[in-house]
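Okay, so here's the structure we're looking at.
Nothing in this text is a laboratory measurement; each read-out follows from the coordinates by a stated rule. Source: prediction; values computed, not measured. Cβ: placed from backbone, ideal geometry, glycine included. Neighbour counts: every protein chain shown.
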Amino acid sequence: METYDLAELSIAQGPHTWHLAFSLARLFVVSEAGTRLWYIEIDGMDDDKLLTQFAESHDIGVTMTAVSAEGQAFSGACYLHPNPLHRAAALRGDGRLEGYSHP
């Protein structure tokens, strides 16, 4: 498993884009048995309205763009799973993670 601390993170759905404010966001890339999956865990989110909006919606598909603390850019389609109570969320990757190259 590889982990990247994120410095910037944005999500988009249709015509709407949100630049997320957070205390900690990490991208995880997991490779097992020839398959690869990715997800992002976000803590300390300030946008309660956004968390509540996605918690009440059935349409949780978004696209994300991110920049790691080292300056590496990533993007991909994913699903937003909010946790308003803990001011947190998870993004579960759906397909290819652009910008990632296996070392």
Exercise. Using Cα centres only, tell me the gap between the stretch 10-41 and the stretch 58-103 in whole Å.
Key: 1
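Let me have the 222 nm mean residue ellipticity of the chain computed from DSSP H runs of 4+ only, each contributing -39500 (n - 2.57), with the sum over all residues rounded to the nearest 500. Walk me through the intermediate numbers first.
Values: 1 runs with 8 residues, N = 103.
Roughly -2000 deg cm²/dmol at 222 nm, from the helical runs in the chain.
Based on other C-beta atoms within 10 Å, arrange GLU32, GLU98 from fewest to most. Don't skip to the answer; put the middle values down first.
Numbers: GLU32 8, GLU98 11.
By the 10 Å Cβ count, ascending, the order reads GLU32, GLU98.
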Quiz item: Can you give the net charge of the other residues whose Cβ lies under 13 Å from the Cβ of LEU51, counting K and R as +1 and D and E as -1?
Solution: -3
Quiz item: Per Stokes-Einstein, at 10 °C and 1.306 mPa s, what whole-number D in µm² s⁻¹ belongs to the chain, with the Kirkwood radius over Cα pairs as the hydrodynamic radius?
Solution: 115
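Please state the shape class of the stretch 62-101: rounded when a/c is under 1.5, otherwise prolate if a/b exceeds b/c and oblate if not, all from the C-alpha gyration tensor. Before the final figure, lay out the partial values.
Details: a/c = 3.33, a/b = 1.57, b/c = 2.13.
Oblate.
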